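The values are calculated or read from the model by the stated rules, or taken from the named source; none is laboratory data. This structure is a prediction, so every number in the text was calculated from the model and none was measured. Glycine gets a Cβ as well: all are built from the backbone with ideal geometry, and neighbour counts include every protein chain shown. Just so you know, the surface numbers come from the protein's heavy atoms only, side chains and all, with ligands and any DNA or RNA stripped out. Shrake-Rupley method; radii C 1.70, N 1.55, O 1.52, S 1.80 Å.
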Amino acid sequence: MKITDHFSPNFEERTHPVDTLVLHYPDMKSAEEAINRLRDPTAKVSAHYLISKTGEIVRLVPEEKVAYHAGVSYWRGKSSLNYNSIGIELDNRGHLYGPESFPDTQIESLLSLIEVIRIRHDIPDYNIVGHSDIAPARKKDPGELFPWQKIAEEGHGIWSPLLCKLPIQNETMFSPSARDYLMAQEALTHIGYQLELTGHENEETEYTLTAFQRHFLPLNITGLLDAETLQSLQIIKELY
C-alpha cells in the first residue's frame with residue numbers, strides 16, 4: 001500500500017488515544033480541489049487521509065496528531081471527536097455536486113488503510129462511523145451510496161444480514177405511538193447517537209433517524225419512524 005505525503009498545517013498535538021474512525025466525503029469536484037482545501041491554513045480544516053477515486057492514498061496529517069475533520073460532534077458518550085479519532089476523506093462529489101457512487105478501487109484502498117490503522121489503534125467496530133453519524137444535524141457524508149455493508153462484511157464496522165430480510169411493510173397501516181418513539185430514541189442512544197428521550201416526534205429525532213437510515217437503510221431515507229426503521233433499530237441495537 002503506497003501512501004503519498006502532502007502534509008497540512010492544520011493540526012495540533014494529540015492528548016487522547018485514538019478509538020474512533022470517521023469517514024467523510026469532501027463535497028468537492030476533484031481530489032486536487034479537496035487536498036488544496038485541506039491544506040489551506042486559512043480554512044482550518046484537515047483530515048488524516050484522502051483517498052482518490054483511483055485509489056491513491058494521500059496522508060495530510062500524521063495519525064499521532066489531531067486533524068480538524070469532525071467539528072462539533074458526539075458519539076457514544078464522547079464529544080469533540082477530533083481529539084480521539086482518525087478522519088478519512090473519500091474523493092466524492094457528494095450531495096452538493098453528485099451524488100455519485102464510490103469506485104471499487106477506492107473502496108479497496110480504504111479497506112487496506114483501515115486494516116493498518118486498526119493494527120496501530122484499538123478501534124472497535126461500533127466506532128467506525130460516518131460524519132453524518134456523529135453530527136446528524138449538520139452532515140450527510142459519506143452518504144447513502146457509501147457501501148457500509150461491504151465494509152462490515154470485510155470485518156470493519158457494524159451490519160446485520162437481517163436488514164436485507166425485513167418483510168415489506170404497508171407503511172400506511174403503521175402509525176407510531178409514543179411508546180414506539182421512546183423505543184426508537186432509546187435504541188438510537190444505545191447505538192451511539194445523542195438525543196433526548198421524549199417519547200414523541202421532534203426535529204432532533206427526525207434528523208437522527210435520517211442519519212441512521214442513511215447508514216443502515218439507504219433506500220429509505222425519510223427521517224420518519226416507519227415499521228422498517230423501528231425493526232432495523234432493534235436489530236442493530238443488539239449488535240452494540
Handout entry: Residue satisfying condition, being under 14 Å from the mean Cα position of the chain (by Cα) and within 15 Å of Lys53 (Cβ to Cβ), within set Leu110, Leu81
Key = Leu110
Practice task
Return yes or no: is Ile123 assigned to a helix (DSSP H, G or I), under 21 Å from Glu63 (Cα atoms) and among the hydrophobic types (A, V, I, L, M, F, W, C)?
Solution key: no
Exercise for the section: Taking Glu63 as the residue in question, decide whether it is under 15 Å from the mean Cα position of the chain (by Cα), of a type in the set (Asp, Glu) and open to solvent by less than 60 Å² (accessible area, probe 1.4 Å). Expected result: no
Fill in the blank from the handout: By residue number, the members of the stretch 140-153 that are surrounded by fewer than 21 Cβ atoms within 10 Å (Cβ to Cβ) and in a loop (DSSP other than H, G, I, E, B) are Glu144, Leu145, Pro147
Exercise for the section: Could you please let me know if His156 is out of contact with any Ser or Thr (no Cβ under 7 Å at 6 or more places or on another chain), modelled with pLDDT of 95 or more and open to solvent by 60 Å² or more (accessible area, probe 1.4 Å)? Expected result: no
Fill in the blank from the handout: The condition from (1) of a type in the set (Gly, Ala, Ser); (2) closer than 25 Å to His24 by Cβ; (3) in a loop (DSSP other than H, G, I, E, B) that Ala211 misses is numbered (3)
Handout entry: Options Ile57, Ile134: the member that is open to solvent by less than 10 Å² (accessible area, probe 1.4 Å) and more than 22 Å from His215 (Cα to Cα)
Key = Ile57
Exercise for the section: Out of Ser109, Ser85, Ser8, report the one residue that is among the hydroxyl-bearing types (Ser, Thr, Tyr), more than 23 Å from Glu154 (Cα to Cα) and surrounded by 14 or more Cβ atoms within 10 Å (Cβ to Cβ). Expected result: Ser8
